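The structure appears below as structure tokens.
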Amino acid sequence: MKQAPKSLVRYAWGVVWYNVLVILWGALVRATKSGAGCGNHWPLCNGQVIPLSPRIDTIIEFTHRCMTGGSTFVVIGLLVWSFRATIRGQAARVMAVVSMLLLLNEAFLGALLVKLGYVTGNQSMGRVVLLSIHLSNTLLLMAALTMTAILLHTGQMWRELGVRGGRKLWALLGLTATMVVGVSGSLAALGDTLFPSSTLSAAFAQDFAAGSPWLLRLRGVHPGSVLVSAFFVVWLVAQARRAGAGRLATTVLALLVFQSALGVADVVLLAPVWMQIVHLLGADLYWIALIALAARVVWPDADSMPSSTR
């Protein structure tokens, strides 16, 4: 086992936080209906490398594309540095490769949304399906980047990541349920953007009205999935406390409560753009902390492993 230099571990966490900013800016693109700011051109913006005399929606969309391009370079840097600073068979190498592949898929899915016109006011089923895949890939990317940073710190080998009993299955179920929460929450935010309401009562009426768009009817999936995922999170927290990760468990619980409060505020305030961004930031922080907690429960920390495995 070989632990990576502290500078590489800090860089890996920096890549995680940079991608959080990319996600938040992507939410701003959706919330402000700026997805068509560069037309259906990709990678060019309105047929230009750098748009001239851009509108505000063009600036927002072009900035997001630049940030996504920057993400490509920082993840490539993480991949190369990880291979140079670790030895063959280390788990961090595997997760760095997975991160790179997921990032490439992220760019492909984003380009597909633009080329197919699944932006701004598009309400088609195709947009929802592709957007759900895109959002799922985003969560998997953040999970892979987080695990890369964690495994660079612990220095664990891939062969050491064995799991006993049903802990891995329960943890995976919990993370999958949380992904459903994230995807359904983003779809609910899309519904808020496409079909804004002037009052809270009007918003609830939209959800249950016979003639309401199906996208609004899907908003009920989000709170329901929150309840299901909470069950698994409580199990993870209990397991983490037994493993001596009480501080991390407390952090996850605090973020869960905070995120729930943000969700209520988002509904009461009728989902203004700034609230959607804050709510998404809370979701990203919660997801990263939950990945770290699941890793601590499912895989032994390198410092607590028997010397024979090092």
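Where a number appears in this text, it was derived from the coordinates with a stated rule and is not lab data. All values reported here derive from a predicted model rather than from experimental measurement. With ideal geometry, Cβ positions are generated from the backbone for all residues, glycine too; neighbour counts draw on all protein chains shown.
Each of LEU227, LEU194, LEU248 was scored by other Cβ atoms within 10 Å of its Cβ. Listed from fewest to most, they are LEU227, LEU194, LEU248. Relative contact order for the chain: 22 percent, from Cα pairs under 8 Å spaced at least 6 residues apart, divided by residue count. So for the stretch 1-161, considering every pair of alpha-carbon atoms, how many percent are separated by more than 23 Å? Summing the P(r) of the stretch 1-161 above 23 Å gives 42 percent of all pairs. Fewest neighbouring Cβ atoms within 10 Å first, the residues LYS33, LYS115 line up as LYS115, LYS33.
For the chain, what D do you get in µm² per second when you plug the Kirkwood radius from alpha-carbon pairs into Stokes-Einstein at 25 °C and 0.890 mPa s? Estimated via Stokes-Einstein, D reaches 119 µm²/s. For the stretch 84-200, the residue among LEU169, ALA143, THR199 whose Cα projects farthest onto the positive side of the dipole built from Cβ charges is LEU169. A cut-off under 15 angstrom between Cβ atoms defines the neighbours of ASN137, and their net charge, with Lys, Arg +1 and Asp, Glu -1, is -2.
Annotation: amide H-H contacts under 5 Å for MET157 (H modelled 1.01 Å from N, sequence separation of 5 or more, or interchain): ALA91.
Mean sequence separation of contacting Cα pairs (under 8 Å, at least six apart), scaled by the length of the stretch 1-124, corresponds to a relative contact order of 35 percent. Legend: calculated FRET efficiency, LYS33 to LEU101, from the Cβ-Cβ distance at R0 = 41 Å, rounded to 0.05, equals 0.85. Relative to the longest principal axis of the Cα atoms of the chain, the long axis of helix 273-298 makes an angle of roughly 20 degrees. Multiplying the residue separation of TRP214 and LYS6 by 0.36 nm and removing their Cα-Cα distance gives an extension gain of 69.9 nm.
Calculated on the alpha-carbon coordinates, the convex hull of the stretch 163-310 measures out at 111 cubic angstrom per residue.
Computed from backbone phi, the HN-Hα couplings of the stretch 242-253 come to 5, 8, x, 9, x, 5, 5, 4, 5, 4, 4, 4 Hz, rounded to whole numbers (Karplus: 6.51 cos²θ - 1.76 cosθ + 1.60, θ = phi - 60°; Gly and Pro given as x). Given the C-alpha centroids of the stretch 65-114 and the stretch 143-202, what is the distance between them in whole angstrom? That distance is 18 Å.
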